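Undergrad: Sharing a structure, written as structure tokens. Questions coming.
The values are calculated or read from the model by the stated rules, or taken from the named source; none is laboratory data. Predicted model, so just to flag it, every value in this text is computed and none were measured. Positions of Cβ are backbone-derived with ideal geometry, glycine not excepted, and every protein chain shown enters the neighbour counts. With ligands, DNA and RNA removed, areas are computed over all heavy atoms of the protein, side chains included. Shrake-Rupley method; radii C 1.70, N 1.55, O 1.52, S 1.80 Å.
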Amino acid sequence: MEGFDNLSPSEKAEATELQRMIAIEQQKAQFQAQVHTFTDVCWDKCMDSPGSKLDYRTETCLQSCVERFIDTTLAVTNRFTQMVQKGGH
């Protein structure tokens, strides 16, 4: 690991674990941001006036909206991954 050359083996292990934990927390934050984004988008698209229960049309709209959002995000992510892999070869 770059910058950790002067650390003892136990300190390197701790630094590695800390980096792993930070990466996990960053992934959690990105996931929560995604959920927040599609909640906002789908709420604005599907909710006319909030009530005590979701009617069938609203529930179906929300489900379809979230599924489209996830499908689109996966398609963009996969395409980006393909572009990066082609650029790396």
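Undergrad: Take the residues of the range 36-47 that are more than 16 Å from the chain's Cα centre (by Cα) and not in a loop (DSSP other than H, G, I, E, B): which is surrounded by the fewest Cβ atoms within 10 Å (Cβ to Cβ)?
TA: Out of the qualifying residues, it is Asp44.
Undergrad: Tell me, which residue of the range 16-49 that is modelled with pLDDT of 90 or more and small (Gly, Ala, Ser) is farthest from Gln63 (Cα to Cα)?
TA: Checked the range 16-49; the qualifying residue farthest from Gln63 (Cα to Cα) is Ala23.
Undergrad: For the range 2-17, which residues satisfy the criterion of being open to solvent by 100 Å² or more (accessible area, probe 1.4 Å) and in a helix (DSSP H, G or I)? Write out each step before concluding.
TA: Filtering the range 2-17 for residues open to solvent by 100 Å² or more (accessible area, probe 1.4 Å) gives 2, 5-6, 9, 14.
Residues satisfying the conditions are Pro9, Glu14.
Undergrad: Collect the residues in the range 48-89 that are hydroxyl-bearing (Ser, Thr, Tyr) and either assigned to a helix (DSSP H, G or I) or within 18 Å of Val35 (Cβ to Cβ) (or both), keeping them in residue-number order.
TA: Scanning the range 48-89 gives Tyr56, Thr58, Thr60, Ser64, Thr72, Thr73, Thr77, Thr81.
Undergrad: Is it the case that the range 1-10 has a residue that's closer than 30 Å to Thr60 by Cβ and free of Cβ contacts under 8 Å to residues at least 12 places away in the same chain? Step through it out loud before you land on a result.
TA: Initially, the range 1-10 is screened for residues closer than 30 Å to Thr60 by Cβ, giving none.
Checked against the condition, which is being closer than 30 Å to Thr60 by Cβ and free of Cβ contacts under 8 Å to residues at least 12 places away in the same chain, the range 1-10 yields no hits at all.
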